[in-house]
Structure formats: structure tokens, C-alpha cells
Amino acid sequence: MAGESKSLAGEIRLWRKARLATMADSAAGLGIVEDGAIAARDGLIVYAGPEADMPAAFSLNAEIVDCEGRWITPGLIDCHTHLVHAGNRANEFEMRLAGATYEEVTRAGGGIVSSVRALRAASQQE
């Protein structure tokens, strides 16, 4: 949708001065747009691209969010990822669902200690 726009009617919210990671197939890398903007009308994105190319009418009567150079990425991003993982901690999840505290899970042998133990016991193939 980079650089595309649609109708201006409706309630507009505008995020400006943002760094956009568009993930566009046609762009190199992450499809990064420096000094980008996103406009949404009634909760739907109607423009995403360089702020300089955005129709001026989008900023009229819009709720404006100044991103101050912060990133906007599509979808949800899991920033906490481990490249190597072994074992299964489903029982700990069940304990938490049943109301156990993380301290109780740890005392029962779970938590990060169980992850480290399982990883150390895993073979190279695993």
C-alpha cells in the first residue's frame, strides 16, 4: 500500500514523522520509508508512504500523532525469540492457568532453569 491513497471522507487519524517498515515485495530490504506517514479513516488505513507524497487533505481536521522518528511495522512482532529451544514447558503453562505464581513454578523445577536444563541435555540433532 506504500504511496497509495483512498477517499478522504470520515474520521482521520494521522501518524507522521515515522519510519515505516512496509515489507513491500517491490522494495529492497524491509521496504523502509524514512519520514513516512500513515493515515487511517474510520479505523482503516487509507494511506501509507512518504509523508511528502501524502495528500494534504489528510492532515485537515485529523487527529495527529507525531511519531518522532519511531518505527511502525505491520502486524505483531515477537521481539522475544530464542533461536535455540529444547524441551516442553506446557506443564508450567497449565500451572500458571491454575493460579500458580512464577515463584511456585520455579520451586517446582520449572522456569528458566528447566529450559537451560533441557537445552544442555539436547543433542546437536535436536
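Taken together, the values in this text are just the output of simple stated rules run on the coordinates, not laboratory data. Computed from a prediction, not measured in an experiment: that's the story for all the values here. Cβ atoms come from the backbone with ideal geometry, glycine included; neighbour counts cover every protein chain shown.
So for each of 45-56, 99-110, 68-79, 13-24 I average, over its residues, the number of other beta carbons within 10 Å; can you give me the resulting order with the highest mean first?
Values: 45-56: 16.7, 99-110: 13.1, 68-79: 9.7, 13-24: 19.0.
The peptides rank, most packed first, as 13-24, 45-56, 99-110, 68-79.
Applying a 10 Å radius around every beta-carbon, put 91-98, 30-37 in order of their mean neighbour count, most first. Don't skip to the answer; put the middle values down first.
Numbers: 91-98: 12.9, 30-37: 17.8.
So the peptides 91-98, 30-37, ranked by packing, come out 30-37, 91-98.
Per residue of segment 88-100, what does 6.51 cos²θ - 1.76 cosθ + 1.60 with θ = phi - 60° give for ³J(HN,Hα)? Whole Hz please, x for Gly and Pro, Karplus curve as stated.
Each residue's phi maps through the Karplus curve to give 9, 10, 4, 4, 5, 4, 5, 4, 5, 5, 7, x, 5 Hz.
Indicate, rounded to the nearest 5 percent, the antiparallel portion of the DSSP beta bridges found entirely in the chain.
Values: 15 of 22 bridges.
If we restrict to bridges inside the chain, about 70 percent are antiparallel.
Of the listed values [x] 1.63; [y] 0.91; [z] 1.01, grab the one calculated as Cα Rg over 2.2 N^0.38 Å from the structure here.
[x]
Please identify which residues in segment 58-79 have an amide N closer than 17 Å to a label point set 7 Å out from the Cα of Met23, following the Cα→Cβ vector.
Inside the label zone: 71-79.
How long are the semi-axes of the ellipsoid equivalent to segment 4-72, from square roots of 5 times the Cα gyration tensor eigenvalues, in whole Å, largest first?
Numbers: eigenvalues 81, 34, 18 Å².
The three semi-axes for segment 4-72 are 20, 13, 9 Å.
Grab the DSSP H runs of the chain that are 4 residues or longer, score each as -39,500 (n - 2.57), total them, divide by all residues and round the 222 nm result to the nearest 500 deg cm²/dmol. Let's see the in-between values first.
Details: 3 runs with 24 residues, N = 126.
About -5000 deg cm²/dmol.
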